[in-house]
1. Asn287 passes all but one of (1) over 24 Å from the mean Cα position of the chain (by Cα); (2) under 22 Å from Tyr75 (Cβ atoms); (3) among the polar types (S, T, N, Q); which number fails?
2. What residue, of Tyr451, Tyr464, is of a type in the set (Ser, Thr, Tyr) and over 16 Å from Leu379 (Cβ atoms)?
3. Quick check on Val340: is it β-branched (Val, Ile, Thr) and either surrounded by fewer than 18 Cβ atoms within 10 Å (Cβ to Cβ) or touching a strand residue (DSSP E or B) at 6+ places or on another chain (Cβ under 8 Å) (or both)?
4. Mind listing whichever residues of region 298-343 are part of a strand (DSSP E or B) and free of Cβ contacts under 8 Å to residues at least 60 places away in the same chain?
5. If Ile450 satisfies all but one of (1) of a type outside the set (D, E, K, R); (2) touching a Gly at 6+ places or on another chain (Cβ under 9 Å); (3) more than 16 Å from the ligand (Cβ to nearest atom), what's the number of the condition it fails?
6. Which members of region 489-531 meet the condition of being away from the ligand (no atom under 16 Å from the Cβ), hydrophobic (A, V, I, L, M, F, W, C) and in a helix (DSSP H, G or I)?
7. Within region 398-409, take every residue that is touching a helix residue (DSSP H, G or I) at 6+ places or on another chain (Cβ under 7 Å) and under 20 Å from Lys476 (Cα atoms) and give me the one that is farthest from the ligand (Cβ to nearest atom).
8. Out of all the residues in region 313-333, which are closer than 24 Å to Gln55 by Cα and surrounded by fewer than 21 Cβ atoms within 10 Å (Cβ to Cβ)?
Amino acid sequence: MAKYIFVTGGVVSSLGKGIASASIGKLLESRGLNVALVKCDPYINVDPGTMNPFQHGEVYVTEDGAETDLDLGHYERFTNAKLTKDNNITTGKIYHSVISRERKGGYLGKTVQIIPHITDEIMISIKKVAYGKKVDVVIVEIGGTVGDIESLPFLEAIRQLKLELGKEYAINIHVTLVPYIKTAGEVKTKLTQHSVGRLREIGIIPDIILCRSESHLNNQVKDKIALFCSVDKEAVISAVDVENIYEVPVSLKKEGLDRLIVKLLNLKCAESSLSDWEEKVLKRLDNNEKKVSIAVVGKYITLQDAYKSIYEALAHGAIANNVDLDIKRIDSEDIENQGVDNLLKGVNGILIPGGFGKRGIEGKIDAVKYARENQIPFLGICLGMQVTVIEFARNVCNLKKANSTEFDANTKFSIVSLLEEQKKINALGATMRLGAYECKIKKPSLASSIYKKQKIYERHRHRYEFNNAFKQLLEKKGLVFSGINPGSGLVEIIELAKHPFFIACQFHPEFKSKPDRAHPIFAAFIKAAVE
Ligand code: GLN
């Protein structure tokens, strides 16, 4: 039977619960245990797919095509756990299934209530991720901050689940903030005391308190938190700020976190070892002789989280090449106003990520032209591929008004358009082309030299496609269609032969990149940028 770790957060958001959960997963895996990870999100949207990046950050896509919270990206980058639509539970999903069941008569005669019906559904959904699988530990992260109205049903569900599972089968880890107050010259524990108090009010007593702080907590502070929060002193763990997120597992191991978890859950396993991670990831971070600068041209560049997986995958590519990475975040609207040369001059590579809507499109097209004409290594992803074919059609094939019907519904040259089946769809939730699809790679090509195989699977999240009616014309002018979906004939990868490195794909390779196993496209892109 699987054992459970429930991770909650207190005081403020953005304390790094997701990274902490992923790091716990990493540490337990390094002990030979199989882990599963679940994120519970208290919002009423069924999934984040319909949310603006300014609201939510990146939408992470799983192999089976679920649009999920970006914390699942951390889980996949830190661990080997396979994530599916079941690994992200939202209030929307829970209510959706309870209400559907009620309409079918599934609760006939009963008043359907938050307790027990919603909480039962949450418990079933949490337990589902371990059903029929070889899972030793399930790590369940509850989104939001303790004290929020929205997360109450989730907290009640994990309270009941811990009771049901019993001792040694479930523990609670509470992540809080212990701030340093400059004027007083000391750290303050009161926020943590209050936050644990809020948890206790609803019947949850933490077994471990993970204290985010600028520096290590001294014995006195730990004693105080232990006393006021009724936990053992060894269960007060410092989670200190680190330079790079990939250092977190090492830092938590030093604090004895995984040893304590193993003791509390009475897990039979080996000692943890992160030597491989240290060798393959941490040693290669920063302080390299060479530095590479990559421009990411998008429209959500002021946000930390909107292109999370892109930034991480670029970092993985830099790790693979032993170089330091300097990401220049360029707003494509600034290109429109200030000129492409002013903003992109001197960069070693240009990446255009995915996106939706018309704003900033012309700036992206200018950036493609700049990379193509100046022989600058270029990678276009999803919308990045779509603007690449538009640029090529306009400036090489002389189809001056070429566009995507997403930006100009009546364009004469609809280089990018909707498939017939997409035209019939009115609802916006979970109706895009989502998840892993096969792509057949032509040989010889840049793509085949990158992947070193002919059959690949990559994840998608888009509605529009390259319009195959224009394929012959673009091909004649030198665009290479090097990756095609065998069933539908849809274009997956394009490239230019007469360029040091120019490739764009309709799928999102960034979702499958890991720090110790950089995605081959990102590794090759950074290599080309270095050269
Ligand atoms: N907006 C484009 C489409 O829907 C691209 C989507 C994306 O980049 N993820 O096809």
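The values are calculated or read from the model by the stated rules, or taken from the named source; none is laboratory data. This is a predicted model, so every value here is computed, not measured. Cβ: placed from backbone, ideal geometry, glycine included. Neighbour counts: every protein chain shown.
1. Result: Asn287 passes all but (2).
2. After applying the criteria, what remains is Tyr464.
3. no
4. Within region 298-343, Asp324, Asp326, Ile327, Lys328, Arg329, Ile330, Asp331 meet the criteria.
5. (2)
6. Phe522, Ala523, Ala524, Phe525, Ile526, Ala528, Ala529, Val530, listed by residue number.
7. Lys400
8. The answer is Ile327, Lys328, Arg329, Asp331, Glu333.
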